[in-house]
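Below is one structure, written out as structure tokens; the observations come after it.
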Amino acid sequence: MDVIDEITQEFFPERKVSPLLKIIIRWAVGLDALFSRVRGAENKDGIDWLAAVVEKLRINLAVDNIYNIPSEGPVVIVANHPTVIDGMAVIVAASKVRRDIKIVANQVLTHMLPKTKSLTIGIRNMQGKMGASQYREMNAQLKKGGVLIIFPSGRLASLKKTGLQEAPWNPGFLHLASKNNAAVVPVSLKGLNSWRYYITAKLWRPLSNLMVIRECLRHSGKTLKMNFLPQVNLAKLDIDKERVTEVAATFMEHIARAGKNQPGILPVITPVAEPLDKNLLCAALESCTELKKLNDGKTVLLYRHQGTEYSPVLRELGRLREICFREIGAGTGQEYDNDIYDIDYQHIMVWDPERLEIAGAYRFVMAGEQIAKKGLQGLYSNDLFNYKQSFSSIASKSIEIGRGFIQKQYQKTNVLDELWKGIFNVALKHSEYKYLLGVLTIPQDYSEYAKKLMIGFYQTYLSADVDACTPLHQYDVVDEEVNQLFNRENFDEDWKKLNIKLREMECDLPWPYKQAAKWYSAGGSKILCFVEDKHFNSIAGLNLCEIDKLKKSYGKRYLPK
């Protein structure tokens, strides 16, 4: 079966096509005309072949704000669809930042242009069908951290008296992005097809679809304007089943306004700051105390800011925190995750001198010293939980720990373990501090039911009789379905149920919650309260642990005598 036969079968699956109609289809498709124009690109494939087509057709891509595309992690790029060259153009533009790209497009294009097959997740637009295998392919692309380009209208815009009219957007991209915690970057495209195309589409749309290659050739020497808009903050949108179509329509309007140079209507996330100059960072790290030299060449460092001048170390810690927390659906949405507490707190980190990278870090403060200087208001956790004065006797004997992160490339290494060895080493040297106090995060992109399950379990087994705080945004779970799941009498049995249920929903219990539940003997670890942390797009739990109740197996590792 040759290419024209494949195209014919796609367009007319239940119709016998005459030889004459086949000749007309071959002419309409215009592959010979295209291939004669792009001679010399035969040895290229995928992105490189498309870039060669753009170059040989002298299509000018006027691209703004390309670096709004995150340089790593899963990304869904959504765009309006004014011209036949939109897909090719967005791929070529986005490839300046990322090469791990797939596009959702009409399956027939892979028959017309086999060189694009490696980039394409083919949808049978002619029959309006998307199979489960295509949906799995989209999920897989995002799950492995790639870029997925989608035109949610599913068809080219129509020309009306008032101008181009975009078809209503399918909201599926919102489900994909939410499920995979992907960044969503809208693109505003400005261009027009030829009058011949619009007249043909008006007379018989299948014929205009057949003529997309010929229409591409008519864009030769023309300009397509594209503006990559700031990443949308999905955590601030109410994406439930009832409103998802409305939210998709808001994306359409957001892009349309950008095309008219009007302000957007969706909440956006500021791109994370560019990496700090490595020479500047290395010089600043000279002021750190070296706690330990590891066998693999890394070092455990302790940093405390001195003075009020700019700190490269704190800036880089803030940048890396924001990257890591965004990866789990949290983060501040700003360039850096820094706050006023960074200056007073100490920072324990693992430094990789080979890659010149901070692999991971926590910050901590001797709460008793901080309270003596600034009162309970001097603690970060007080901002969220609003401590009662009566809690100061316990808080004063605590080491407050938080803002922990491990860069993705170090998450299956010894970095987390070495950080906790360092933290407990500090605790050993300050035996007057009996507790560890920390804020544990549940990202907002976990489903409502998943959050209720986690909180329901911890309220059942780790709740405290300590009346510690009066938070403004307390988050309690009163849910009969959750209450019935746990028998409330057997920790191990209910722990297994919790984790099975979470795996069924394709999410995992955040590591700090595993630590809180499993590292300490009965009564040694308590969750005092849960709150909604709107600044950080998360649910936060306040964890209080008694250092002396660390289980023997962990004590041998982290509190050696």
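The values are calculated or read from the model by the stated rules, or taken from the named source; none is laboratory data. What you see is a predicted model, and the numbers here were worked out from it, not measured in a lab. Cβ: placed from backbone, ideal geometry, glycine included. Neighbour counts: every protein chain shown.
Values as computed for the structure displayed
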item: Members of the stretch 385-397 found to be assigned to a helix (DSSP H, G or I) and surrounded by 14 or more Cβ atoms within 10 Å (Cβ to Cβ), listed by number; result: PHE385, PHE391, SER392, ILE394, ALA395
item: Among (1) modelled with pLDDT of 95 or more; (2) assigned by TED's automatic domain parsing to the domain that holds PRO510, the one test that MET252 misses; result: (2)
item: Some residue of the stretch 406-417 being among the basic types (Lys, Arg), within 22 Å of the chain's Cα centre (by Cα) and in a loop (DSSP other than H, G, I, E, B); result: yes
item: Index of the failed condition, ASN261 passing every other in (1) of a type in the set (S, T, N, Q); (2) in contact (Cβ under 8 Å) with a residue 40 or more places away in the chain; (3) at positive phi; result: (2)
item: Enumeration of residues in the stretch 367-418 that are of a type in the set (A, V, I, L, M) and out of contact with any strand residue (DSSP E or B) (no Cβ under 6 Å at 6 or more places or on another chain); result: ILE371, ALA372, ILE394, ALA395
item: Some residue of the stretch 218-237 being of a type in the set (Phe, Trp, Tyr) and within 20 Å of ALA94 (Cα to Cα); result: yes
item: Single unsatisfied condition, LEU453 versus (1) in a loop (DSSP other than H, G, I, E, B); (2) surrounded by 22 or more Cβ atoms within 10 Å (Cβ to Cβ); result: (1)
item: Flag for LYS102 being of a type in the set (Lys, Arg) and modelled with pLDDT under 95; result: no
item: Single residue of VAL466, VAL531 found to be buried (at least 18 other Cβ atoms within 10 Å of the Cβ) and either within 24 Å of LYS388 (Cα to Cα) or under 32 Å from the mean Cα position of the chain (by Cα) (or both); result: VAL531
item: When residues of the stretch 510-540 are limited to those that are among the aromatic types (Phe, Trp, Tyr) and in a strand (DSSP E or B), the one farthest from LEU234 (Cα to Cα); result: TYR520
item: Strands (runs of 3 or more DSSP E) lying entirely in the stretch 138-222 (those with 2 or more residues that are under 21 Å from VAL63 (Cα atoms)); result: 147-150, 183-190
item: Residues that are among the β-branched types (Val, Ile, Thr) and surrounded by 19 or more Cβ atoms within 10 Å (Cβ to Cβ), drawn from the stretch 322-347; result: ILE323, THR332
item: Pairs with Cβ under 7 Å, 6+ apart, first in the stretch 331-347 and without any contact (Cβ under 8 Å) to a residue 40 or more places away in the chain, second buried (at least 19 other Cβ atoms within 10 Å of the Cβ) and in a loop (DSSP other than H, G, I, E, B); result: none
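Listed here are the residues, each with its yes/no results for (1) at pLDDT 95 or above; (2) buried (at least 19 other Cβ atoms within 10 Å of the Cβ); (3) not aliphatic (A, V, I, L, M).
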site	(1), (2), (3)
GLU357	yes, yes, yes
VAL365	yes, yes, no
ILE406	yes, yes, no
THR413	yes, no, yes
ASP417	yes, no, yes
ALA427	yes, yes, no
LYS434	yes, no, yes
ILE442	no, yes, no
GLU448	no, no, yes
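Conditions tested, residue by residue: (1) within 21 Å of the chain's Cα centre (by Cα); (2) part of a helix (DSSP H, G or I); (3) buried (at least 16 other Cβ atoms within 10 Å of the Cβ); (4) of a type in the set (D, E, K, R).
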{"residue": "ASN227", "(1), (2), (3), (4)": "yes, no, yes, no"}
{"residue": "ALA235", "(1), (2), (3), (4)": "yes, yes, yes, no"}
{"residue": "ASP238", "(1), (2), (3), (4)": "yes, no, no, yes"}
{"residue": "GLN262", "(1), (2), (3), (4)": "no, no, no, no"}
{"residue": "VAL272", "(1), (2), (3), (4)": "yes, no, yes, no"}
{"residue": "LEU280", "(1), (2), (3), (4)": "no, yes, no, no"}
{"residue": "SER287", "(1), (2), (3), (4)": "no, no, no, no"}
